Amino acid sequence: MRTFVADTLNDLMLGRDGNLSTFTGAGAIAQTARQYMQARRGEMLHKADEGVPFDPIVWGASANLAQFEAIGRVRLLQVEGVVEVVSFEATQSGDVLGYVAVIRTTEGEATING
C-alpha cells in the first residue's frame, strides 16, 4: 500500500522537495487504519453505509464500549493490508472515548490509538 503522509490533524505533509510525501509499509497501513476509525457512518458520499456509527454507540449519556470495540474490529479489518486485529481496548474517561488497537498487517504489527 502506498498512501500520502498525514500529520496528527490529518493534514497532508510536504517533503523536502516540496511535493506531497508518500510512504508504504506497516506505517501506511496503520495511518489508513486510524483514518478508517475516524470516519463517521454516513459522511462518505459514495460509501454512506460505511464508517463508525458514532451517534447510537458513542454519543449520549455513556458510550457502549462493547459495541464500539465490535464495530472497531470490523472497521479495522476493512483496511487493505490488515490481516488481524490482535487486540482492541476501548476506554472512557469522563466524556472522552479512546481506544488502543494492535493490528497485524501484511507488513508487520502496528499499534494505533484514537
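Relative contact order, whole percent, for the range 26-114 stands at 27, derived from Cα pairs under 8 Å and 6 or more residues apart.
Put a plus charge on the Cβ of each Lys and Arg, a minus charge on the Cβ of each Asp and Glu, and nothing anywhere else: the dipole of the chain about its Cα centre is then about 120 debye. Our estimate of slack between Lys47 and Ser21, defined as 0.36 nm per intervening residue step minus the Cα-Cα distance, is 6.7 nm.
Under 5 Å from the amide H of Tyr99 lie the amide H atoms of Thr91, Gly114, each residue being 5 or more positions distant or on a separate chain, with H modelled from the backbone and absent for Pro and chain starts.
By DSSP, the beta bridges lying fully in the chain are antiparallel in about 95 percent of cases.
Considering helices alone, the calculated mean residue ellipticity of the chain at 222 nm is -7500 deg cm²/dmol, with DSSP H runs of length four and up weighted by -39500 (n - 2.57) and normalised per residue. Ranked for footprinting exposure by Cβ neighbours inside 10 Å, fewest first, Ile112, Ile103 give Ile112, Ile103. Relative contact order of the range 54-99: 31 percent, from C-alpha pairs under 8 Å at least 6 residues apart in sequence.
Near the amide H of Arg40, within less than 5 Å, lie the amide hydrogens of Val52, all on another chain or at least 5 residues away, with H placed in the peptide plane.
Neighbours of Asp55 by Cβ distance under 12 Å: Lys/Arg scored +1, Asp/Glu scored -1, total +1. Look at Arg75, Arg104 and count the other Cβ atoms within 10 Å of each Cβ; fewest to most, that gives Arg104, Arg75.
All of the numbers you see were taken from the coordinates with simple rules; none came from a lab. Please read these numbers as outputs of a predicted model, since none were measured by experiment. When we count neighbours, we look across all protein chains shown, and the Cβ atoms used for this are built from the backbone with ideal geometry, even at glycine.
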